[in-house]
Amino acid sequence: MSSQAGYTPRDWGSHPPYLSPEYKSTPLRAPGKPLVVLPQSLSERTGPVYGQNAV
């Protein structure tokens, strides 16, 4: 049996912030409250496996 790999969390620094002055439409679309972080579920940590290679 193989060991379970950990879930890789989102890289928040790879994209611009939701409310950015460089983009004119972000004040209309950006969330007004902080995002709610949901805990990982079992399906996100285990997921299906299709052989030994990454899909």
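Restricting attention to region 25-41, the residues that are farther than 16 Å from T8 by Cα and exposed (fewer than 10 other Cβ atoms within 10 Å of the Cβ) total 9.
Every residue, every condition in (1) modelled with pLDDT of 80 or more; (2) assigned to a loop (DSSP other than H, G, I, E, B); (3) loosely packed, with under 10 Cβ neighbours inside 10 Å; (4) not charged (D, E, K, R), yes or no:
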{"position": "A5", "(1), (2), (3), (4)": "no, yes, no, yes"}
{"position": "Y23", "(1), (2), (3), (4)": "yes, yes, no, yes"}
{"position": "S43", "(1), (2), (3), (4)": "no, no, yes, yes"}
{"position": "G51", "(1), (2), (3), (4)": "no, yes, yes, yes"}
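The values are calculated or read from the model by the stated rules, or taken from the named source; none is laboratory data. Because the structure is a prediction, the values reported are computed rather than measured. Neighbour counts run over all protein chains shown; Cβ positions are idealised from the backbone, glycine included.
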